[in-house]
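Single-structure report; data block below.
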Amino acid sequence: MSVKYADIIIDISHEAIDRTFQYKVPEHLQKIIGIGTQVSIPFGRSNHLRCGYVVAISNEPVFDVDKIKEIDSVKEEGIAANGELIALAAFIKEQYGSTMSNALKTVMPVKEKVKGLTNKQVRLLLDSSDITKRMELYRKKNAKAKLRLLSELAEEKIIPYNLVTGRLNISSNTLTAMENESVIVVEEEGYYRDVLSHLGGVKSTGETPNGEQQAVIDRVAGDYERGIKDTYLLKGVTGSGKTLVYIEIIDRVIAMGRQAIVLIPEIALTYQTVKRFRNRFGNKVTIMNSRLSKGERYDQFEKAKRGEVSVIIGPRSALFTPFPKLGIIVIDEEHESTYKSDYPPKYHAREVAIKRAEMSGACVVLGSATPSVESYYNALNGEYKLLELPNRANRKASLAKVSVVDLRNELKLGNRGIFSNHLKELMTDRLSKRQQIMLFINRRGFAGFVSCRSCGHVFKCPHCDVSLTEHFKGTVREKLVCHYCGYEQKKPKVCPKCQSPYIAGFGIGTQKVEEQVKLQFPGAKVLRMDMDTTRKKDSHEKILSLFAGGEADILVGTQMIVKGHDFSNVTLVGMIAADLTLFDNDYRSAERTFDLLTQAAGRAGRGAFSGEVVIQTYNPEHYCIETAAKQDYEAFYEEERTYRCMLKYPPFCHVLAVFMEHDKYDELVRCTEDIASLFKHRDEVHIIGPCDAVISRVNDLYRRVIYLKHEDYDKLVFMKNQAEEYIEKSQGFKGCRVSFDFDPMHSY
C-alpha cells in the first residue's frame, strides 16, 4: 500500500496557526480517513494530541519525510464533512474573515456523534415442527422459564426485550442459554429519534396552484429540468401562496432524484411550514434547529447524509445539511436579518447558499413580499431572475385596509395610553364578533432612540442621518451620542422644535401591552409570544396551535408573530409602536420598519372576513410609514434606493466593519488607529472612524470599530486580507480580538 499524506487544519481558533499541517496517514487508517475526517494528531514540541480536520490527501510529502509526524487516530465521536462542505468553508473563510477552523465548525452544525437509539427484541429461530419437540424437552427437564418464553414466541415470533424480561420474568441467563441452543436470538434494531411526532399524522390538503402560481412553478422547475440552474427572486404579496409554490417546485426536483433545503428566518415559523411540507412529503421531511437535542440533531444529520430524507427545514444552520444530491435551496422571507450570522465568520446565508448551489448544481429560490433592497436591485439588474405573484391566492381575501394613527394627536386629546381611540374601538368590535386580533410590538422594548412626545421630533446626528442614542451615567441620562462618527451632545431639557419638556427614550414591551389588554378588555383571552414565553422546547408550536385553534382572542407579540403565519380568523392587526425600529442608528432602519409593518399588515384578512390594520406612529409622514400603509413595495424601493445611492450604502457601495476588542482601552485605541493607518492614504476607500462601538464595553472588554466603504466588494475582501496579514505579522496586537463584517446588518 502506497504512503499517503494528509493536510490537516488544527482545531484551534487562532490566526497564527490558521494554515494546514501535513501528517503521514498510517497504513491501518488509510481506508477510513477521507476529506473532512476528524482526527487526533500530535502537535507542537510537546506533541500534545490535538483535534484536526483533514482537508486534502496526497501521495507526495512537502517536507522532509523524517520530520513529518503521523496521525495518531481517527476521532470516533467526530463527523466527517464531505469535500463540498470543506470547499464551502474555504469560501466562507476568504469572503468573511475567519480562521479555517471556525469556518469548518460553521459548515458542520453537528460536530459529534451521539449514541443512537435501539429497539431490543427476542426473535424465535425454530420452525413449527421443531417447536413441539423443544417444548417436550423443556417439560421433561422442568425448564419452566424456557417453556414459558417458547410458548409465547410460538404465538408472536418476535417479542420486545423489555416485555420478555418484565412481564414474562425471563432472566438474562435463561436468554443466553436459549441462544446457545439456537432456539432464539436477541437482536438490536437501531432507529432514529422522531422530531416531528408531535405534529400528528399526515393529511392531504388537496391544494392546487392557481394560474399565477403555476406559471412560476413551470418557470423554475422547467428551467431545472432543462439543466438551467439559476437564482430566482420570488416577489409575492402576503397571502399569495409562496409556500405552495415552493412545495410544487421541490416536488418536481425530488422527482429527479435530488434533495431540498428550505431555510426559514425564525424557529417560530417551523410549526406551520413543516406541517404543510409533511402533508405533501410525509416522512421524507425533517427539521434542523438549535431547539433539538444533540441526539436529535445527530439523527437528522445522519438521515440526510444517507439520503433517507429529501427535504430539511430550518434556520440558517440548515444550509449546511450534508445532502449528497442537493437540487434546490429555498430561502423564505429572504429579507430577514437573521440570515446574517452575528458571530465570526459573519456570513450571509443568501450569498453562501448561492455559492453552495453553484458547487452542487442546484438552483436557489429567494422569496419575500418585501425583498431586501440588495436582492431587488440584483433582480432588476438581471443578476437574479425576477418572478412575481401580485395577488393573494384566495381571490376573496383582499389586502387589508390600513389606517395610520398620529400619536401626537392622541396626546393632544389627552390619551396617554398604549392604545389609540381608533384601535380600542376596532378591538371592541372584533371581540364582539368573536374574531381574532394580533397586537404587534417591534421589539421587546428599550429606549432605542430619543424623541419629543409632543411633536415627534427625533434627535439625530447632523453628520450621519441616524438617531442619537441615550447614554446614562448611573441612573442619570447624561448625553446623546452618534455611534457612527462619535458626535455627542448634552440631552436637552426642552424640544428645539416645539419647546415641549416631554422628551424621552421611546420603548414599550410586550408584557406591558398584555397587562393593558387584560385591564381594558377583562373578558378577552390573551396569549403573549416573545423571547420570555418561548424559551422551552416546542413552546412556539404550543402558543401558535392554541391561537390557531381559537383558544385565545388576542395574540400579543414581537416580530415572531408577524412572519409567515396564516390565521384565517384574524381580522385586526394593531401595530402598537411603529417607530421603534424607524430611528435605529442604522442605515437599514427604514427598510426594516417597512418590512415589519408590511408583513404585519399581511396577517389580517386572510380568510373569509376582510381585514383591517392600525399603524400607531409619531411619524405618519415618513416615506416608509406611508408606503407600508399602501403596501406599495415599489414606491418604498424607489425612495430607499435614492437615499442609499446618495449616501453610498449597499447595494451601491459596500461596507466593511472592522470590529476590535481589548481589555485595555489605551491599547485598543492604538490598535484601531494602527489598522486605520493601513488605508488612510487610499483615495478610493472612504474611512469612518475609528470610534467607540455602540456598546463600548462588554464583560470588561472595550470595543471599537472602523468602517471602510468601497463600491467594489472584492476590493474590501482584499483590504480584509491585508489587515489579517498585518495583524498576524505584527507583535502589537496581542490580546486584541479582531473580527470583520461585510455589509453589516446593524451598527457596532
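Compute the FRET efficiency between residue 434 and residue 169 as 1/(1 + (r/R0)^6), taking r as their Cβ-Cβ distance and R0 = 51 Å, and round to the nearest 0.05. About 0.35, to the nearest 0.05. Helix 294-305 axis versus longest C-alpha principal axis of the chain: approximately 80°, rounded to the nearest ten.
From the coordinates of this entry, volume of the Cα convex hull per residue in Å³ is computed, and it appears in (1) 231; (2) 173; (3) 187 under the label (1).
Among the listed pairs 433/536; 120/305; 385/715; 396/630, a Cα-Cα separation exceeding 28 Å is found for 433/536.
Given R0 = 60 Å, the distance between the Cβ atoms of residue 179 and residue 531 translates into a calculated FRET efficiency of 0.65.
Listed by chain and number, the aspartates and glutamates whose C-alpha is less than 13 Å from the C-alpha of residue 24, apart from same-chain residues fewer than 8 away, are 7, 60, 64, 66, 70, 72. Remark on residue 237: its backbone amide H falls under 5 Å from those of 389, 391, a criterion applied only to residues 5 or more positions apart or on other chains, H modelled at 1.01 Å from N. Which angle between 0 and 90 degrees, to the nearest 10, do you get for helix 242-254 versus the longest principal axis of the chain when only C-alpha atoms count? That works out to roughly 30 degrees.
Taking a straight line from the alpha carbon of residue 229, these aspartates and glutamates sit under 20 Å away, with near neighbours fewer than eight places off in the same chain left out: 84, 218, 248, 251, 332, 334, 351, 358, 383, 388. Return the whole-Å distance between the Cα centroid of segment 292-357 and the Cα centroid of segment 630-675. Spelled out, the Cα-based centre of one part sits 27 Å from the other.
Once the convex hull of all Cα atoms in segment 550-661 is built, its volume per residue stands at 139 Å³.
Helix 211-225 and the longest principal axis of the Cα set of the chain meet at an angle near 60°.
In a fully extended conformation the segment linking residue 70 and residue 641 would gain 199.8 nm over its present Cα-Cα distance, using 0.36 nm per residue. Charge dipole of the chain (Cα centre as origin; +1 on each Lys and Arg Cβ, -1 on each Asp and Glu Cβ, all else neutral): 2220 debye, rounded to the nearest 20.
For segment 246-370, the square roots of the Cα gyration tensor eigenvalues, ordered a ≥ b ≥ c, give a/c below 1.5, which places it in the rounded category. Among the listed pairs 664/709; 424/518; 401/424, a Cα-Cα separation exceeding 22 Å is found for 664/709. The loop-placed GluC sites (Glu not before Pro) in segment 621-651, going by DSSP, that have at most 13 neighbouring Cβ atoms within 10 Å of their Cβ come out as 621.
In the structure shown, the pairs 235/460; 275/303; 346/542 are assessed against 28 Å; a Cα-Cα span above that value is assigned to 235/460; 346/542.
A dipole drawn for the chain from +1 and -1 charges on Cβ atoms has a positive end, and of 527, 124, 386 the residue lying farthest that way is 124. The helix-based estimate of mean residue ellipticity at 222 nm for the chain, built from -39,500 (n - 2.57) per DSSP H run of four or more residues and divided by its residue count, is -10000 deg cm²/dmol to the nearest 500. Over what distance in Å are the Cα centres of segment 691-724 and segment 573-626 separated? Centre-to-centre distance over Cα atoms comes out at 32 Å.
In whole angstrom, segment 360-454 maps to an equivalent ellipsoid with semi-axes of 38, 22, 13, each derived as √(5λ) from the alpha carbon gyration tensor and ordered largest first.
Under a cut-off of 18 Å between alpha-carbon atoms, report the lysines in cross-link reach of residue 133, not counting same-chain residues fewer than 8 places apart. Here the lysines satisfying the reach criterion relative to residue 133 are 141, 144, 146, 157. Since only 245, 708, 101 are under comparison, the one whose Cα sits farthest along the positive direction of the charge dipole of the chain, derived from C-beta charges on Lys, Arg, Asp and Glu, is 245.
Tally the DSSP beta bridges in the chain and give the antiparallel ones as a percent, rounded to 5. Of the beta bridges lying entirely in the chain, close to 55 percent run antiparallel. The 1.4 Å probe gives accessible areas that order 674, 64, 586, largest first, as 64, 674, 586. Each of 428, 510, 533 has its accessible area taken with a 1.4 Å probe; listed largest first, they run 428, 533, 510.
The values are calculated or read from the model by the stated rules, or taken from the named source; none is laboratory data. Nothing here was measured: the structure is a model prediction, and the numbers come from that model. Note that we place each Cβ from the backbone using ideal geometry, even for glycine, and neighbour counts take in every protein chain shown. With ligands, DNA and RNA removed, areas are computed over all heavy atoms of the protein, side chains included. Shrake-Rupley method; radii C 1.70, N 1.55, O 1.52, S 1.80 Å.
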